[in-house]
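Coordinate-derived values only; no laboratory data. Quantities reported herein were computed from a predicted structural model and do not represent experimental measurements. Cβ atoms come from the backbone with ideal geometry, glycine included; neighbour counts cover every protein chain shown.
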Amino acid sequence: MGQDSRPRWLTDEEQRVWRGYLRATRLVEDHLDRRLQREADMPHLYYGLLVQLSEAPRRGIRMTDLARNAKITRPRLSHAITRLEKLGWVRRESCHGDRRGQNAVLTEEGREVLEKSAPGHVAAVRAAVFDSLTPEQVGQLGRICQAIEKGLDREGADLPWLR
């Protein structure tokens with residue numbers, strides 16, 4: 001709040017935009033989560049983890065890096081990876097040169113599940129976000145998201161996945 005201890009209340013326009021943002025992001029996340037649950041029997045979070053692993057060298061990522069990339073706490077990631085291990089989609093491996101570290105690695109079965117669920121997920125993303133926007137709005141949304149992320153995910157920030 002700075003030197004002036006009074007809060008900087010949102011203007012009517014900022015309040016309208018903020019509430020619209022909250023409604024839209026909750027609706028998008030719910031839409032994607034429900035569709036993935038229905039079609040692939042997994043939450044959206046798990047899909048995102050599988051995507052990250054599929055794009056990593058040798059289909060594996062150090063657990064701390066995976067938590068940071070997914071923007072989730074390490075305990076929440078550990079719970080998700082345990083569930084994905086039980087499904088046979090991911091396995092844990094020791095990090096080379098670091099006895100305490102672990103990598104999450106996408107299994108062949110996990111890769112197959114991801115390949116089967118990707119077309120439905122892409123269709124859901126298109127329907128939920130991009131089909132409603134003009135190309136100009138897509139560019140604006142990208143720049144807006146980048147600015148928000150840059151403002152929050154910075155050096156020294158108190159972020160749960162860094163604890």
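Computed quantities for the displayed model
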read-out	value
Which of C95, C145 has the fewest Cβ neighbours within 10 Å, and the rest in rising order	C145, C95
Helical contribution to [θ] at 222 nm, DSSP H n ≥ 4, -39,500 (n - 2.57), averaged over the chain, rounded to 500	-21000 deg cm²/dmol
Proximal lysines to K86, defined as alpha-carbon separation beneath 28 angstrom and excluding residues fewer than eight positions away on the same chain	K71, K116
Cβ charges +1 (Lys, Arg) and -1 (Asp, Glu), total dipole of the chain, debye	500 debye
Dipole axis of the chain (+1 Lys, Arg; -1 Asp, Glu on Cβ), positive-most option in G60, I72, C95	C95
Under Karplus coefficients 6.51, -1.76 and 1.60, residue-wise ³J(HN,Hα) of the range 107-112 in Hz, glycine/proline x	7, 4, 4, x, 4, 5
Nonlocal amide H pairs with T107, under 5 Å, H built at 1.01 Å	V90, R91
Cβ-placed point charges (K, R +1; D, E -1), dipole of the range 1-90 about Cα centre in debye, nearest 20	260 debye
Structure-derived mean projected area of the Cα convex hull in nm² - corresponding label in (i) 8.2; (ii) 12.7; (iii) 17.6	(ii)
Vicinal HN-Hα couplings computed from phi for the range 86-102 (Karplus, 6.51 cos²θ - 1.76 cosθ + 1.60; Hz; Gly/Pro x)	4, 6, x, 9, 9, 10, 9, 9, 5, 6, 5, x, 8, 4, 7, x, 10
Positive-pole candidate from W18, Q37, L84, dipole of the range 16-132, charges at beta carbon	W18
Neighbourhood charge, 13 Å Cβ-Cβ cut-off, centred on P119 and excluding it, Lys, Arg +1 and Asp, Glu -1	+1
